[in-house]
Amino acid sequence: MNKQNLLSLNQNALNDFFVDLGEKPYRTKQIMQWVYKTHEFYFDKMLNFSKPLREKLSRVACIEFPKVVKQNFALDGVIKWVLALGEDNHIEMVYIPEKDRGTLCISSQVGCVLACTFCSTGMQGFNKNLTTAEIIAQVLIANQYLNPKAKRISNVVFMGMGEPLLNEHAVYNACDLLLDDLAFGLSRRKVTISTSGVVPAMLRMSERTPVSLAVSLHAPDDHLRDELVPINQKYSIEELLKACKVYLHAGTQERHILFEYVMLKGVNDSIEHANKLAKLLKGISAKINLIPFNPFEKTQYQTSSAQTIEKFQNILYQQGIRTMTRRTRGEDIDGACGQLAGKVLDKTKRAHARRH
């Protein structure tokens, strides 16, 4: 019998799990306290459970983590973990410390099926979706390392390996736990799902979870975005922006969108591109995050110069678009945006095609 990994269950699912065991729903609060607050993962040490219940849990359930195979430390304080999901698949997650916050960038898939041309993960191909347990375990692993060092995770972003909105069920369940006061208790604004533009899933997300949304835009027109972000060939910028407006008006609380725009030398960084982008996003409650391209092995792209990025930002700012430029972090350990690659037993044959 396959044991149920309890890290895959949000509060409602845990209630159902205990009821099915013939237990009262209050057991949910007890076990969430053990797992998420005390960081106790062995049933035999959960002493407010009776011995028969502890034995029953050991037979039908488990609390299991991916194995940490490597931990890298950057000169700027960034930490990268490499986690093994079986012998042939590794994922990566990154902790980015700032003066006022600590951001954990987590993965949602082994590899990525979308093949954005400027992203190292996309070049690795794709193997599988992560389970909710494999997503939540990343946060627990990081917390176990950081908490004794008086470092905290204040923000969690789904910007690691994979397209989160191609793994909706597991990602939304993970968001439930990230927001749940019995688990991690993060604010909805401190949890961000990033998408390359899976429009139907964006519409579902608008109703399912109140977390923040980041959209990987990277081009101001369909012709260029078709090349950089191939999913645009399926869902155009016009459709993408319609879905963004649905997200902005869903729910009862004010929402904003972060548009991400990687700066590629001579590709999408001209004055004309900046003016087009400003016109495209006029009137949308959004902020643009300009990301200097982070090179990786065999890439065809180069990073825009600092002067070009500053000029691009100024054009947007002068036209009323809130804009910031992301500072590159963790580059010396390949932990920067677009550099996460892990190890992928590729099912798409894309990585093989690149080598030949």
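The values are calculated or read from the model by the stated rules, or taken from the named source; none is laboratory data. No experiment lies behind these values; they were computed from the predicted model shown. Cβ coordinates were reconstructed from backbone atoms using ideal geometry, including for glycine residues, and neighbour counts include every protein chain displayed. Surface areas here come from the heavy atoms of the whole protein model, side chains and all, with no ligands, DNA or RNA. Shrake-Rupley method; radii C 1.70, N 1.55, O 1.52, S 1.80 Å.
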Extension gain from ASP226 to GLN307, taking 0.36 nm per residue of separation minus the Cα-Cα distance: 26.5 nm
Please report, in whole Å³, the volume per residue of the convex hull around the C-alpha atoms of segment 55-187. 142
Accessible-area value, ASP221, 1.4 Å probe, nucleic acids and ligands omitted, Å²: 30
Return the tail of the calculated pair distribution for the chain, meaning the percent of Cα-Cα pairs more than 30 Å apart. 38
How much FRET efficiency would the formula 1/(1 + (r/R0)^6) give for GLN30 and THR299, where r is the Cβ-Cβ distance and R0 is 41 Å, rounded to 0.05? 0.25
Share of carbon and sulfur in the accessible heavy-atom surface of segment 203-286 [1.4 Å probe, %]: 51
In Å², nearest 10: area of PHE118 left accessible to a 1.4 Å probe: 20
Suppose R0 equals 35 Å. What FRET efficiency, 1/(1 + (r/R0)^6) with r the Cβ-Cβ distance, do LYS151 and HIS256 give to the nearest 0.05? 0.80
Can you show me the helix-derived [θ] at 222 nm for the chain, built from DSSP H runs with n ≥ 4 at -39,500 (n - 2.57) apiece and divided by the number of residues, rounded to the nearest 500. -9500 deg cm²/dmol
Under the Karplus relation 6.51 cos²θ - 1.76 cosθ + 1.60, θ = phi - 60°, what is the ordered set of whole-Hz ³J(HN,Hα) values for segment 225-236, x standing for Gly and Pro? 5, 4, 7, 7, 10, x, 5, 5, 5, 9, 10, 5
Note down the accessible area of ILE271, probe 1.4 Å, to the nearest 10 Å². 90
Normalised Cα Rg of segment 137-220, dividing by 2.2 N^0.38 Å with N its residue count, works out at 1.15
Under a point spin-label approximation (7 Å from Cα along Cα-to-Cβ), what is the ARG322-ASP16 distance to one decimal in nm? 3.8
Kirkwood Rh (inverse of mean 1/r, distinct Cα pairs), segment 136-176, angstrom: 11.5
Sequence of THR195, THR117 from largest to smallest accessible area, 1.4 Å probe: THR117, THR195
Per the Kirkwood formula on distinct C-alpha pairs, the Rh of segment 5-46 is how many angstrom? 10.4
Taking only the alpha-carbon positions of segment 70-145 as identical scatterers, the Debye log10 I(q)/I(0) at q = 0.13, 0.19, 0.24 Å⁻¹ comes out as -0.43, -0.87, -1.20
Using the Cα atoms of segment 80-120, I'd like the radius of gyration and the largest Cα-Cα distance, Dmax, both in angstrom. 12.8, 38
In nm, the gap between the two label points placed 7 Å beyond Cα toward Cβ at ASN2 and ARG189 is 4.0
